[in-house]
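Have a look at the structure below, then the notes.
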């Protein structure tokens, strides 16, 4: 192959690579924007869900109206519990992907912890439904 032909192939390959990168970056940007939109939708819709992961409850504080059910899901590789400080609710040890739910009928602040890992703490604030 002649040098000019090789140079043309290299230049063409460069353009194709740049085009693919631009196309992929554009898709990633659109995907990221869609993901952010879905995440904000989920945070609004899923304000009564708590994830247990990396030895913590997320979110740390949940504010809900009376009559709302909160669902905890263990995403950690070790068992955890959900225990209210005054024993108003208590889960069994939850293995990975297991859930526990509790419906809050009375207003107030409910502090809870993991009895297996007592440094894991969080709270649910229940406001009177209007």
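Here, each number is a calculation from the coordinates, and none is a lab measurement. What you see is a predicted model, and the numbers here were worked out from it, not measured in a lab. Cβ: placed from backbone, ideal geometry, glycine included. Neighbour counts: every protein chain shown.
Computed packing ranks the peptides 73-84, 110-121, 53-64 as 73-84, 110-121, 53-64, most packed first, by mean other Cβ atoms within 10 Å. A straight chain from residue 53 to residue 116 at 0.36 nm per residue would run longer than the Cα-Cα distance by 21.3 nm.
Below 8 Å between Cα atoms, with a sequence gap of 6+, how large is the relative contact order for the range 49-127 in percent? Reported as a whole number, the value is 36 percent. Given R0 = 22 Å, the distance between the Cβ atoms of residue 75 and residue 109 translates into a calculated FRET efficiency of 0.30. One compactness figure for the range 49-127 is 0.98, namely its Cα radius of gyration divided by 2.2 N^0.38 Å. Full extension of the chain between residue 129 and residue 87 yields a length gain of 12.8 nm, computed as 0.36 nm times the residue separation minus the alpha carbon distance. The calculated FRET efficiency for the pair residue 96 and residue 66, based on their C-beta separation and a Förster distance of 35 Å, comes to about 0.65.
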